[in-house]
Amino acid sequence: MKYIELKQGKMAELVRRSGANRTTVWRALHYKVDSELSQKIRDLALTEELGGRLVEVQEVREGFRPNCNFSAERDATGGIVRTIHNFPHGVSVVTDCMAEIATTFHRGEPVEWVRCASLQKQQCVVYEAQQLSEMFAS
């Protein structure tokens, strides 16, 4: 996983200068899309003025504990069929355990979905959702 980290307080300036909304900027900075606009956003972020830097993370750091409310929905036998991670600022991850698909939402609108057949992959999705939530705090 790779992403561009910005200097403190520079997110609003990047949003303003790019003309995109915060979710679009986050998706571009986290390499979720590869479009002309997303490349423009990444180029802006990496300028000396905005002070962005490319970060590459091989996996979720050990001991990661998401800053969210967690709930699970169970079937009649007690098996977990869906997990829900609700983060601040309207960010959530809903994982359909049967389909092995995790969907990240912002204020009820899907941001992305990922097939996650392993717990490690689901942890990566939750980790990225927490980063998205923290971005909306700044």
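The values are calculated or read from the model by the stated rules, or taken from the named source; none is laboratory data. Since the model is a prediction, treat every value here as computed from it, not as a measurement. With ideal geometry, Cβ positions are generated from the backbone for all residues, glycine too; neighbour counts draw on all protein chains shown.
Just a few scattered comments:
- The residues in segment 16-26 that are in a helix (DSSP H, G or I) and farther than 15 Å from GLU134 by Cβ can be counted, and the count is 4.
- The combined condition, being surrounded by 12 or more Cβ atoms within 10 Å (Cβ to Cβ), in contact with an Asp or Glu (Cβ under 8 Å, 6 or more places away or on another chain) and in a loop (DSSP other than H, G, I, E, B), is not fulfilled by LYS7.
- Look at (1) at positive phi; (2) in the same structural domain as HIS106 (by TED's automatic domain parsing); (3) not aliphatic (A, V, I, L, M) and you find that ASP75 fails only one, number (1).
- Annotation: TYR31 fulfils all but one of (1) at pLDDT 90 or above; (2) touching a helix residue (DSSP H, G or I) at 6+ places or on another chain (Cβ under 7 Å); (3) surrounded by 12 or more Cβ atoms within 10 Å (Cβ to Cβ); the unmet one is (2).
- Options VAL114, VAL126; residue that is at pLDDT below 95, surrounded by fewer than 18 Cβ atoms within 10 Å (Cβ to Cβ) and within 23 Å of ASN21 (Cα to Cα): VAL114
- Within segment 39-59, being under 20 Å from SER133 (Cβ atoms) and either without any contact (Cβ under 8 Å) to a residue 12 or more places away in the chain or in contact with a helix residue (DSSP H, G or I) (Cβ under 6 Å, 6 or more places away or on another chain) (or both) holds for ILE41, ALA45, GLY52.
- Check on THR83, more than 12 Å from LEU132 (Cβ to Cβ), exposed (fewer than 11 other Cβ atoms within 10 Å of the Cβ), out of contact with any Pro (no Cβ under 6 Å at 6 or more places or on another chain) and among the hydroxyl-bearing types (Ser, Thr, Tyr): no
- Residue list for segment 90-128, filter: basic (Lys, Arg) and in a helix (DSSP H, G or I): LYS121
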